[in-house]
Amino acid sequence: MKRIILHWTAGGYYPTAAEGEFYHFLVDAEGKVHKGRFKPEDNIVCKPKSYAAHTGGGNAGSIGVALCGMEGYKDRRICGKYPITLSQFEGAMKLAAFLAVKYGLTVDRTTIMTHYEFGFKHPSTSSYGKPDITFIPPYPWVGKNEAGDFIRSKIRWYKTKMKEV
Ligand SMILES: [Zn+2]
């Protein structure tokens, strides 16, 4: 696998079957990890209808991890009824660290990114302008363009913890 791309579902706090079609892993409000319909390996070569289509223009080689929630999100002041929780965010970071170790990925801007960052780098894809993840409700002081770096530092920290075990 080449990279991990982080998302929010723009839905409720628990994954639906429909959401499970789009992501390899979905993290609920309590931080529990649910597996989607497809495995990361299904995205190595994306054959029609047999891979998780989480990132327009960037699905090949990409593991999709989604935090369940953020339905009704408009901006950092209007987050809807399902703002990402602390346990959920930390759970997702821990999962991403585990996946980075499992797939031998270093943690940098080319291997771990948000959907927003992917779209920003690839403006001709349908991923351009996606808001996930530009706001982290449990860490509201992290700015829109800092969210990716914040996420990468978290994952690096969890990765360190994992090696100690
Ligand atoms: Zn997304």
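Which aspartates and glutamates have a Cα less than 14 Å from the Cα of K159, not counting those fewer than 8 places away in the same chain?
Cross-link targets: E90, D108.
Compute the distance in nm between two label points, each set 7 Å from the Cα along the Cα-to-Cβ direction, one at D149 and one at M162.
Between D149 and M162, the simple spin-label model gives 2.4 nm.
W141 versus K2, label points 7 Å from Cα toward the beta carbon: distance in nm?
3.7 nm
Only sites in a loop by DSSP and with at most 16 other Cβ atoms within 10 Å count here; which chymotrypsin sites (Phe, Trp or Tyr not before Pro) in the range 101-165 make the cut? Please report the intermediate quantities before stating the final value.
Numbers: sites: Y103, Y116, F118, F120, Y128, F135, W141, F150, W157, Y158; in loops: Y103, Y128, F135, W141.
Sites meeting the loop and neighbour criteria: Y103, Y128, W141.
Relative contact order for the range 3-164: what is it in percent, counting Cα pairs under 8 Å that are at least 6 residues apart?
25 percent
Checking the a/c ratio against 1.5 first, then a/b against b/c, what shape does the Cα gyration tensor give for the chain? Walk me through the numbers on the way to the answer.
On the way: a/c = 1.26, a/b = 1.08, b/c = 1.16.
It comes out rounded by the Cα gyration axes.
Using r as the Cβ-Cβ distance of K32 and Y103, and R0 as 22 Å, what FRET efficiency do you calculate, to the nearest 0.05? Numbers along the way, then the final one.
Working: r = 21 Å, r/R0 = 0.98.
For K32 and Y103, the calculated efficiency is 0.55.
Mind checking which lysines have their Cα closer than 19 Å to the Cα of K47? Skip sequence neighbours fewer than 8 apart in that chain.
K2, K39
Expected output is a single nm value to one decimal: the length gained when fully extending between D42 and E71, i.e. 0.36 nm times separation in residues minus the C-alpha distance. What is it?
On the way: separation 29, 0.36 × 29 = 10.44 nm, distance 2.75 nm.
Here the answer is 7.7 nm.
For every other residue with a beta carbon closer than 15 angstrom to the beta carbon of E21, add +1 if it is Lys or Arg and -1 if Asp or Glu, then tell me the sum. Mind dumping the intermediate values first?
Numbers: positive: K35, R37, K39, K47, K49; negative: E19, D42.
Once positives and negatives cancel, what remains is +3.
Residue by residue through the range 68-79, what is 3J(HN,Hα) from phi via Karplus (6.51 cos²θ - 1.76 cosθ + 1.60, θ = phi - 60°)? Round to whole Hz and write x for glycine and proline.
7, x, 6, 4, x, 5, 10, 7, 5, 8, 10, 9
Fully extended, how many nm does the chain gain between K81 and Y128 (0.36 nm per residue separation, minus their Cα-Cα distance)? Numbers along the way, then the final one.
On the way: separation 47, 0.36 × 47 = 16.92 nm, distance 2.50 nm.
In short, 14.4 nm is gained.
How many percent of DSSP beta bridges within the range 1-129 run antiparallel, rounded to 5? Let's see the in-between values first.
Working: 4 of 17 bridges.
Counting DSSP beta bridges with both partners in the range 1-129, the antiparallel share is about 25 percent.
When the Karplus curve 6.51 cos²θ - 1.76 cosθ + 1.60 is applied with θ = phi - 60°, which whole-Hz ³J(HN,Hα) does each residue of the range 88-93 get, with x for Gly and Pro?
Here the 3J(HN,Hα) series is 5, 4, 5, x, 5, 5 Hz.
Read the figures in this text as sums done on the coordinates, not as results from a lab. What you are looking at is a predicted structure, and each value in this text was computed from that prediction instead of being measured. Counting neighbours? That spans all protein chains shown, and the Cβs are built from the backbone with ideal geometry, glycine included.
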